[in-house]
Amino acid sequence: MTAKLCTHIPISFFLILLLNCNTVNQEKEKPNIIYILADDLGYGDLGCYGQEIIKTPNIDELAAQGIRFTNHYAGSTVCAPSRGALMTGLHTGHAYIRMNGKGLELRSNPQDITVGKYLQDVGYHTAMIGKASTGCDTSPGQANDKGFDYFFGYLGHGQAHTYFPKFMHKNKEKINYPENGGEEPWRGRTYSPDLFIEEALGYMEDKKDEPFFLMYASPLPHAQVWAPEEFEKQYKGRFEEDPYTGNHYGTSPRPNTTTAAMVSRLDWEVGKIMKQLEKLGLAENTIVMFSSDNGPHQEGGRKPNFFKSSGPFRGIKRDLYEGGIRVPFIVKWPGVVKAGRTSDHMSAFWDILPTLTDIVDGENPKNSDGFSLLPSLKGSGAQQKAHKYLYWEFKGIDKGKRALRKGNWKLHQFTNIKSGEVRYELYNLADDPAESNNLLKKEKGKADELKALMSKAYSEPELEIFKF
């Protein structure tokens, strides 16, 4: 009877069934991708990058199980342009957003196509949780329009200056937290990082049966300087303190203790994400990347030098010296990235988009300034494309800054915005990673070479406010 029934089933039925099965298998074979972005975490704030006081066991373990890059750079020295470079694969000489500011967000498609959109196009469900990374002051639903199926968090970077917001957004929906603010605007009962990690863990469980890309944009350890007691207690009484009182970031009675606690809280969140991957059976098919959007800040009472947060480098957030832009970058990818490796390959945020599209066989990004890091991840260094140079620019209140690195040489340009006066500094990072010995007069030929490259890297910005 069974044999007779089977003879009446057309061959096309089995072909369709086979194709469907293959499609399901291909979907499952696509690696999940989690990109964890810290906020104002310094190169030297992690144990695996030399930190000796602050405890970061989960991030250190992530590095031990993957690859640690030692010459990786943020997109800029402040939040919005740095994240813009990460999203679009363009450095700040070509990008639309080149500084922080009200109302600044990536333009609507087809301009400023993001990594989220590229991954959507090859079947990924995409999410951004935490601090909006598609602009400095974004509008409701803008992250959704720019390639993220799901968004939960702060729309504006200024709003993220408190961990007790009066409201946040879930996609286009405004969610109010009336228990926060009040007489003490920097205090409340609902701590935003608790909401973010809960959302992230829930998202991973909801999407465990399909390929997903999770951009986990933690606000830690950005000011305000505040942390839960359970993370402060291990550091209490260990440091001299200079209590901070301010109008914008509130008060911090123990800023050194709290700074350490904030980094340890971030580390705890990384641990929660890794445990969730194990629990859901996703660890072997998930790429986890970890980095920071720029160097350490000094707002809200934080003292970056206290913990040597910039590592061996000069500068902090808002500087284009190494301490303002060189950041940790760790990648774990079981079965592809050999555990315990270190790479000194020179890379930057604008490499992430072409790397991820290369991994998922997506469309090659158009006009990207980056190169895929897949050869470095696989250990095929000889096949890795190298940058001829890296370039950054940033306009502050009274000074415009540009920097270009070629090999071990790095040129800085400083422009006085009021007077137009321009000066330069030149360093050899191989001999002088702290950028303390200006070689401009001794190496005039090298300086001229890098000045020419700097002019080549720069394109006129679309908005007048970015010009200097």
Rounded to 0.05, the calculated FRET efficiency for the beta carbons of residue 341 and residue 176 at R₀ = 45 Å is 0.45
Heavy-atom accessible area of the chain with neighbours in place, 1.4 angstrom probe: carbon+sulfur share in percent works out to 50
Of the listed links 207/233; 172/332; 166/399; 399/451; 279/385, those spanning more than 27 angstrom between alpha carbons are 207/233; 172/332; 166/399; 279/385
The Cα radius of gyration of the stretch 68-133, divided by 2.2 N^0.38 Å with N its residue count, comes to 1.17
Lys and Arg at +1, Asp and Glu at -1: neighbours of residue 312 with Cβ under 11 Å from its Cβ sum to 0
Residue 440 and residue 242 label points (each 7 Å along its Cα→Cβ direction) are spaced in nm at 2.9
Note to self: with every protein chain in place and a 1.4 Å probe, the stretch 343-468 gives an accessible area per residue in Å² of 51
The set of residues whose placed amide H lies less than 5 Å from the amide H of residue 73, leaving out same-chain residues fewer than 5 positions away, is 327, 347, 348, 349
XL table 366/406; 131/236; 388/410; Cα-Cα > 18 Å flagged, in table order, is 366/406; 131/236
Among GluC sites (Glu not before Pro) in the stretch 411-461, those in a DSSP loop whose Cβ has at most 15 other Cβ atoms within 10 Å are 421
Under the 7 Å Cα-to-Cβ spin-label approximation, residue 284 and residue 408 lie apart by a distance in nanometres of 4.4
Given a 1.4 Å probe, the accessible area of the stretch 286-331 per residue, as a whole number of Å², is 25
From the Cα centre of the stretch 424-466 to that of the stretch 347-368, the distance in Å is 27
The rounded separation in angstrom of the Cα centers of the stretch 65-96 and the stretch 184-207 is 25
Pseudo-spin-label distance residue 52 to residue 275, built 7 Å along Cα→Cβ, given in nm, is 3.1
Counting only DSSP loop positions in the stretch 168-204, the GluC sites (Glu not before Pro) whose Cβ has at most 15 other Cβ atoms within 10 Å are 179, 183
Over all directions, the stretch 222-324 yields a Cα convex hull whose mean projected area in nm² is 8.2
The answer for trypsin sites (Lys or Arg not before Pro) in the stretch 389-433 that fall in a DSSP coil and have at most 16 neighbouring Cβ atoms within 10 Å is 418
Taking N as the number of residues in the stretch 331-427, the ratio of its alpha carbon radius of gyration to 2.2 N^0.38 Å works out to 1.39
For the chain, averaging the sequence separation of alpha carbon pairs under 8 Å that lie six or more residues apart and dividing by its residue count, the contact order in percent is 22
Stretched fully, the stretch from residue 229 through residue 386 gains (0.36 nm per residue minus C-alpha distance, one decimal, in nm) 52.0 nm
In Å², rounded to a whole number, the accessible area per residue of the stretch 85-127 with probe 1.4 Å is 34
Here the equivalent ellipsoid of the stretch 133-219, derived from its Cα gyration tensor, has semi-axes (largest first, whole Å) of 24, 15, 10
Counting only DSSP beta bridges fully inside the chain, the antiparallel percentage to nearest 5 is 60
Quick shape summary for the stretch 73-202, equivalent ellipsoid via Cα gyration tensor, semi-axes whole Å in descending order, reads 26, 17, 12
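The values are calculated or read from the model by the stated rules, or taken from the named source; none is laboratory data. Bear in mind the structure is a predicted one, so any value in this text is a computation, not a measurement. Cβ coordinates were reconstructed from backbone atoms using ideal geometry, including for glycine residues, and neighbour counts include every protein chain displayed. Just so you know, the surface numbers come from the protein's heavy atoms only, side chains and all, with ligands and any DNA or RNA stripped out. Shrake-Rupley method; radii C 1.70, N 1.55, O 1.52, S 1.80 Å.
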